[in-house]
Amino acid sequence: MSKYRIPFSKPALVGNEIEYISQAVRGGHASGDGPFTKKCHSLLEEALGIPKTLLTTSCTHALEMAALLLDIQPGDEVIVPSFTFVTTVNAFVLRGARPVFIDIRPDTLNMDERSLEDLITPRTKAIIPVHYAGVGCEMNTICEIADRHNVPIVEDNAHGLFAKYKTRWLGTFGALAALSFHETKNFICGEGGALLINDPQYIERAEIVREKGTNRSRFFRGQVDKYTWVDIGSSYLPSDILAAYLFAQLEAREHVLAQRKRVFEHYVERLQDWAQMNDVRLPTVPPYCEQSYHMFYMLLPSLEKRKNLIAHLKDKSILSVFHYLPLHLSPMGRKWGYQEGDCPVTEEVSDRLVRLPFYNELSPEQQQTVCAAIFESW
Ligand SMILES: Cc1ncc(COP(=O)(O)O)c(C=O)c1O
């Protein structure tokens with residue numbers, strides 16, 4: 001139970017989770033790649049129209065797999081926003097990569113594709129767009145630049161499963177893409193993720209890397225008569241109990257997305273006039289982007305205003321939170337020589353952004369309470 005009257009996030013049961021978990025526990029195959037994992041793979045592959053999905057233990061681990069599959073070596077560069085979660089970058093730094101931080105667009109807060117080409121060098125081994133809040137990056141331009149320079153794209157789609165950019169699903173543009181099923185995301189299993197493989201050349205090695213560097217998947221399919229150590233790898237497959245939880249969530253995707261859409265639209269309806277009058281910016285969603293309704297954020301006029309608002313909501317037992325601190329200014333980022341002013345939009349947005357309570361079951365009455373407290377704090 002949250003200590004807040006209105007918490008920031010709240011995991012929900014949306015269908016057959018308990019029944020499927022019970023089946024997974026009783027069914028005799030609770031380790032990885034059991035029947036529910038296979039169901040999740042098929043569901044995602046069919047829904048997104050992609051050749052291969054592999055469930056992982058987290059989005060972080062899917063990104064680590066991507067770094068292994070792209071053979072990232074010490075000294076290689078990856079272009080990545082500074083405004084993101086630490087593991088978008090860390091997964092590649094673990095292999096020895098140097099992060100080349102790109103600033104974000106002031107509207108969608110996504111990678112600013114207008115500065116992408118200037119950052120590409122002969123050492124660039126990956127471009128990593130993060131679809132912030134489940135609103136698509138400018139993928140036409142990003143893909144065009146990446147193709148021209150022959151650099152693979154890895155999409156960090158932790159926020160944007162079942163969102164679209166210009167009618168195409170997010171997560172289907174890059175050679176590889178990563179999803180998160182952490183309990184704060186739209187579709188959850190506690191901790192979990194997936195690697196989406198759009199470029200078939202990575203499929204066979206992805207199975208090996210995920211299975212401790214062995215060809216165990218080929219063995220289970222009867223393609224080899226014993227399995228052995230063939231590559232580097234780790235253990236990235238989740239228990240089938242978690243896959244059972246996730247499958248129930250994915251089956252209910254339309255219901256989940258409809259609920260979250262309602263919450264998002266209700267905030268817009270209640271806040272837009274006030275925002276306009278008070279120099280507050282609500283999320284920008286370009287008309288050609290179908291978002292995933294992952295979160296609702298506001299950009300306030302100043303850091304001071306944000307501090308006051310978060311404190312006032314806390315007094316009312318409502319939890320609102322800020323988001324990413326610029327990674328280029330973290331102790332790790334500074335080791336590569338990054339400093340203030342290197343990603344000015346990121347630095348400025350990071351100080352002013354606040355996220356409001358957002359979860360499937362947030363009721364219009366609770367949203368009314370949140371909005372009333374916001375108006376009162378001003
Ligand atoms: C953009 C982004 N990428 C990756 C992650 C990591 O996800 P996970 O907790 O599944 O490893 C997060 C988590 O919040 C995230 O926001």
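Some points to look at:
- Listing of helices (runs of 4 or more DSSP H) fully contained in the range 1-95 that carry 3 or more residues being surrounded by fewer than 20 Cβ atoms within 10 Å (Cβ to Cβ) and not charged (D, E, K, R): 17-26, 35-48, 86-93
- Look at the range 14-35: where a residue is acidic (Asp, Glu) and a partner is open to solvent by 70 Å² or more (accessible area, probe 1.4 Å) and not in a loop (DSSP other than H, G, I, E, B), sitting 6+ places away or on another chain with Cβ atoms under 8 Å, you get Asp33/Phe220.
- Output for the range 101-113, where each listed residue is open to solvent by 10 Å² or more (accessible area, probe 1.4 Å) and outside any loop (DSSP other than H, G, I, E, B): Phe101, Glu113
- Within the range 177-189, residues that are in contact (Cβ under 8 Å) with a residue 12 or more places away in the chain have Cβ atoms under 7 Å from residues that are more than 9 Å from the ligand (Cβ to nearest atom) and hydroxyl-bearing (Ser, Thr, Tyr) in these pairs: Thr184/Ser9; Asn186/Ser292; Cys189/Tyr245, counting only partners at least 6 apart in sequence or on another chain.
- Check on Gly134, surrounded by fewer than 23 Cβ atoms within 10 Å (Cβ to Cβ), of a type in the set (Gly, Ala, Ser) and modelled with pLDDT of 95 or more: no
- Condition check for Ala194: in a strand (DSSP E or B) and either over 16 Å from the mean Cα position of the chain (by Cα) or within 16 Å of the ligand (Cβ to nearest atom) (or both): yes
- Matching entry among Leu299, Leu271, Leu329, Leu303 (being touching a Cys at 6+ places or on another chain (Cβ under 8 Å), more than 16 Å from the ligand (Cβ to nearest atom) and closer than 22 Å to Pro106 by Cβ): Leu271
- Among the residues of the range 331-378, those that are open to solvent by less than 30 Å² (accessible area, probe 1.4 Å), within 30 Å of Asp103 (Cα to Cα) and in a helix (DSSP H, G or I) comprise Gly333, Thr346, Val349, Ser350, Ile374.
- Residue count for the range 114-155 satisfying the condition of being in a loop (DSSP other than H, G, I, E, B), under 15 Å from Leu176 (Cβ atoms) and away from the ligand (no atom under 15 Å from the Cβ): 2.
The values are calculated or read from the model by the stated rules, or taken from the named source; none is laboratory data. What you are looking at is a predicted structure, and each value in this text was computed from that prediction instead of being measured. Here Cβ is always computed from backbone atoms with ideal geometry, including for glycine, and neighbour counts include all displayed protein chains. Areas reflect the complete protein model, heavy atoms only, side chains present, ligands, DNA and RNA absent. Shrake-Rupley method; radii C 1.70, N 1.55, O 1.52, S 1.80 Å.
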